[in-house]
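Engineer: One structure follows; several queries about it will come next.
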Amino acid sequence: MPILVGAAGLGVALAMLSLTAVVQPGAAGAAPGAGVQTARATSAPAARAPSRPAVVERVVIGQSRRGRDLIAYRLGDPEASRSAVVVAAMHGDERKPALILRTLRDGRPIEGLDLWVVPNANPDGVARKARRNARGVDLNRNYPRRWKRSKRGSTWSGPSAGSEPETKAMMRFLRRVDPDQVVSFHQPLNGIDTSGTGNRPLARRLAKQLALPRREFSCGSGCHGTLSQWFNHRLDGQLVTVELGRRPSRAYLTKKAPHGLLKALGGRRV
Ligand SMILES: [Zn+2]
């Protein structure tokens, strides 16, 4: 049974979200589109489910165009001074990095960092092993910052800026959490994107800890309407895009990268 606790305890940021959400730390997860429950978890260690001791809160931050839940897991210490959000699979055919997030979620408790992970930011795309969402929109061209109309195709920016439910949900979530640091994982260009973020400390730490070169990526069709552009312009934190290679090894995804990511963000496992 889920443990339902009043909103007073934790997740102050999310309590304001009117996010519908959920609690069940450690629960297997609702079926896609199963609707929402209004509830709130406590951050008390006692609420940590033994099966997933790192998870202190599970929140449905919105739904995809096909009604699948977008789920954020809160790991670590909500009282920590540093906060971070890590996002994977915004492009549904770039699914390998999600294993890094799931490894952190399913591993030992985390301290020194208030960490949120969103392992599947494009569940309709992931279900189809396709880059874009169910409407055919490239979610990483749909944000309302330097958005521009583009042709339908692999990088279609959508009918208007912020038109997609996945985009809206992510914006709402990031505004409420207002994290100091965001890492957005993609594939397969193999490097830490320094365009826009330059050589800021987070990019340097990620390059070192994830053993990836720092590079400037051009987005192929030109960068417009990306999550990175929107976040870095509108919010105070710093977002860095990380591109893994085409075929990262399982050992990298389950050992080196989770450990390195946590270290780069300032957290550690208990
Ligand atoms: Zn991508």
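The values are calculated or read from the model by the stated rules, or taken from the named source; none is laboratory data. Quick caveat: nothing in here was measured; it's all calculated off a predicted structure. With ideal geometry, Cβ positions are generated from the backbone for all residues, glycine too; neighbour counts draw on all protein chains shown. These accessible areas exclude ligands, DNA and RNA; they are computed on the full protein's heavy atoms, side chains included. Shrake-Rupley method; radii C 1.70, N 1.55, O 1.52, S 1.80 Å.
Engineer: Being farther than 22 Å from residue 121 by Cα, modelled with pLDDT under 95 and away from the ligand (no atom under 16 Å from the Cβ) is true for just one of 30, 47. Which residue is that?
Structural biologist: 47
Engineer: Can you say whether residue 158 is open to solvent by less than 10 Å² (accessible area, probe 1.4 Å), part of a loop (DSSP other than H, G, I, E, B) and either within 15 Å of the ligand (Cβ to nearest atom) or within 25 Å of residue 131 (Cβ to Cβ) (or both), as far as the supplied structure shows?
Structural biologist: When the stated conditions are applied, residue 158 passes them.
Engineer: May I pose another question? Consider residue 217 against the criteria (1) within 16 Å of the ligand (Cβ to nearest atom); (2) farther than 29 Å from residue 80 by Cβ; (3) among the hydrophobic types (A, V, I, L, M, F, W, C); (4) crowded, with 20+ Cβ neighbours inside 10 Å: it satisfies all of them except one. Which criterion is unmet?
Structural biologist: The number of the failed condition is (4).
Engineer: Yes or no: residue 138 crowded, with 24+ Cβ neighbours inside 10 Å, of a type in the set (Asp, Glu) and free of Cβ contacts under 8 Å to residues at least 60 places away in the same chain?
Structural biologist: For residue 138, the condition - crowded, with 24+ Cβ neighbours inside 10 Å, of a type in the set (Asp, Glu) and free of Cβ contacts under 8 Å to residues at least 60 places away in the same chain - is met.
Engineer: Among the residues of segment 97-140, how many are more than 26 Å from residue 257 (Cβ to Cβ) and either part of a helix (DSSP H, G or I) or away from the ligand (no atom under 15 Å from the Cβ) (or both)?
Structural biologist: Selection size over segment 97-140: 3.
Engineer: Could I ask something else about it? So which residues in segment 161-201 are in a helix (DSSP H, G or I) and modelled with pLDDT under 95, if there are any at all?
Structural biologist: 201
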